[in-house]
Amino acid sequence: MPRRLVTSDLVQQIPALKAGDELLISGTLFTARDAAHKRLAQIIADKQALPLDLVGSVIYYCGPAPARPGDAVGPCGPTTSTRMDPYTPMLLSLGVKATIGKGKRSPQITAACRDHQAIYCVATGGVAALLSQRVKRSQIVAFPDLGPEAIWRFEVEDFPVLVATDTKGNDIFAR
């Protein structure tokens, strides 16, 4: 039976989550893919203010397709997470508490999750249209020039994920 989790309670709930736990997430997710990660890294390197508050946040590795009239967002499936591995430890150190994508992560990300008390979750690939039904509202919050790779704020309800890496460094892909 999946466990329901509200993103505003994430920091308190993370220590109890274990690799393999099924979750239904409700609340705020921020999307970010390769280009957005690169831009965030440059802003951090330049010691400029970030365009969003990362403390306690959840980043979903996704570039949504355009929405049809009446829909909050178009198909929005996860992208391969390893492309974000160079940036993930830095973002976790700034307060990101969960990332969502697909596929295995590097040992460095497992260690970073343990060191920063964060989790990595996987969403099912190939069901982007179904996942989009869990997004109730969406808005671009940073880098609109990047189009679908802009950072979007999604308000989601019962967004299904599986904890792949927990705060103790347990990893479903290592089994």
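Any idea how many residues of segment 45-58 are more than 16 Å from I119 (Cβ to Cβ) and either of a type outside the set (A, V, I, L, M, F, W, C) or surrounded by 17 or more Cβ atoms within 10 Å (Cβ to Cβ) (or both)? Total satisfying the criteria: 5. In segment 2-37, how many residues are surrounded by fewer than 19 Cβ atoms within 10 Å (Cβ to Cβ), among the hydrophobic types (A, V, I, L, M, F, W, C) and either under 22 Å from G63 (Cβ atoms) or under 13 Å from the mean Cα position of the chain (by Cα) (or both)? Number of matching residues: 1. Every condition in (1) touching a Ser or Thr at 6+ places or on another chain (Cβ under 9 Å); (2) within 17 Å of V96 (Cβ to Cβ) is met by A19 except one, and the failing one is (2). Screening segment 122-157 for residues that are among the acidic types (D, E) and outside any strand (DSSP E or B) and picking the one that is modelled with the lowest pLDDT gives E149.
Only one of the listed residues (A174, A118, A129) is among the small types (G, A, S) and either touching a Gly at 6+ places or on another chain (Cβ under 7 Å) or under 19 Å from M84 (Cβ atoms) (or both). That residue is A118. Taking strands (runs of 3 or more DSSP E) that do not extend beyond segment 1-108, which have at least 2 residues that are closer than 17 Å to L131 by Cα and touching a residue at least 40 places away in the same chain (Cβ under 8 Å)? Answer list for segment 1-108: 22-31, 58-60, 98-101.
Residue-wise test of (1) closer than 25 Å to V6 by Cβ; (2) crowded, with 17+ Cβ neighbours inside 10 Å.
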site	(1), (2)
P107	no, no
A112	yes, yes
C121	yes, yes
V135	yes, yes
S138	yes, yes
I151	yes, yes
E157	yes, no
D166	yes, yes
R175	no, no
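Among the residues in segment 75-98, are any closer than 15 Å to R153 by Cβ, out of contact with any Phe, Trp or Tyr (no Cβ under 8 Å at 6 or more places or on another chain) and not hydrophobic (A, V, I, L, M, F, W, C)? Within segment 75-98, none of the residues are closer than 15 Å to R153 by Cβ, out of contact with any Phe, Trp or Tyr (no Cβ under 8 Å at 6 or more places or on another chain) and not hydrophobic (A, V, I, L, M, F, W, C).
The values are calculated or read from the model by the stated rules, or taken from the named source; none is laboratory data. If you're wondering where the values come from, they're calculated on a predicted model, not measured in any experiment. All Cβ positions, even for glycine, are placed from backbone atoms using ideal geometry, and neighbour counts span all protein chains on display.
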